[in-house]
Amino acid sequence: MKLTKLVSSAAVLIIAGGLMWFSLSQTDEAPDTPDSAAPWRCRSCDNAFELTAAATEREQNRSQHPFSIYCPRCDKLQAYRVIGCPNCGTLFFRESIDGSSGNCPVCTPQAPRDRDDLNELDLESSTQTVSII
Ligand SMILES: [Zn+2]
Ligand SMILES: [Zn+2]
C-alpha cells in the first residue's frame, strides 16, 4: 500500500519534472528589451536595479526561488521585485514579502502595526468623553 503510493508519487514527480524541463526549454523567447525591464530591490543591502524579462527569467532559474533572486551587489538571495509608486515614484516591496504593507511608504506613511496604538487612543478618548458626560 505504502509502496504503491511512493511509486505513484515518484512517477508524478518524474512527469512534472519532465514537463517543467520541456516548458523551460521552450521559453527562451522572453524579451530582452529595455521596455520589458522591471525594478528590483535587495532587502539586504538596499541595492535597486532593473532587469529585463529575459534577465529575470535567467536569474529566477539560477535562484530556484519563486520570488527572490541573487542581488548583483551583495550576492544574497534577498532581491525582490518592487512596485514603483504611480504618485511619487518610490520603489517598495509587494504585500506578499513579509514586513511590507504593500502600500507606498511615502504616500501611505501609517504602518499597519500602528493600528493597535490607534485603537488604544480611541478607547482612551471615548472613556474620557464618558467621564466628562
Ligand atoms: Zn544586496
Ligand atoms: Zn508614493
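Structure data summary
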item	result
Failed condition for S68, given (1) of a type outside the set (A, V, I, L, M); (2) touching a strand residue (DSSP E or B) at 6+ places or on another chain (Cβ under 7 Å); (3) at pLDDT below 70	(3)
Residues located in the range 57-77, provided they are among the hydrophobic types (A, V, I, L, M, F, W, C) and under 21 Å from T33 (Cβ atoms)	I69
Every residue from the range 34-58 that is without any contact (Cβ under 8 Å) to a residue 12 or more places away in the chain and within 16 Å of D75 (Cβ to Cβ)	D46, R58
Complete set of residues in the range 72-105 that are outside any loop (DSSP other than H, G, I, E, B) and surrounded by fewer than 17 Cβ atoms within 10 Å (Cβ to Cβ)	G84, L91
Members of the range 37-56 that are within 16 Å of ligand 1 (Cβ to nearest atom) and either within 12 Å of the chain's Cα centre (by Cα) or assigned to a strand (DSSP E or B) (or both)	P39, W40, R41, C42, R43, A48, F49, E50, L51
Subset of the range 57-71 [part of a loop (DSSP other than H, G, I, E, B) and either within 16 Å of ligand 2 (Cβ to nearest atom) or surrounded by 14 or more Cβ atoms within 10 Å (Cβ to Cβ) (or both)]	F67, S68, Y70, C71
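Residue-wise test of (1) modelled with pLDDT under 65; (2) closer than 20 Å to S36 by Cα; (3) hydroxyl-bearing (S, T, Y).
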position: T52; (1), (2), (3): no, yes, yes
position: A79; (1), (2), (3): no, yes, no
position: S96; (1), (2), (3): no, no, yes
position: S101; (1), (2), (3): no, no, yes
position: N119; (1), (2), (3): yes, no, no
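The values are calculated or read from the model by the stated rules, or taken from the named source; none is laboratory data. Nothing here was measured: the structure is a model prediction, and the numbers come from that model. Glycine also receives a Cβ, built like all others from the backbone with ideal geometry; neighbour counts cover every protein chain displayed.
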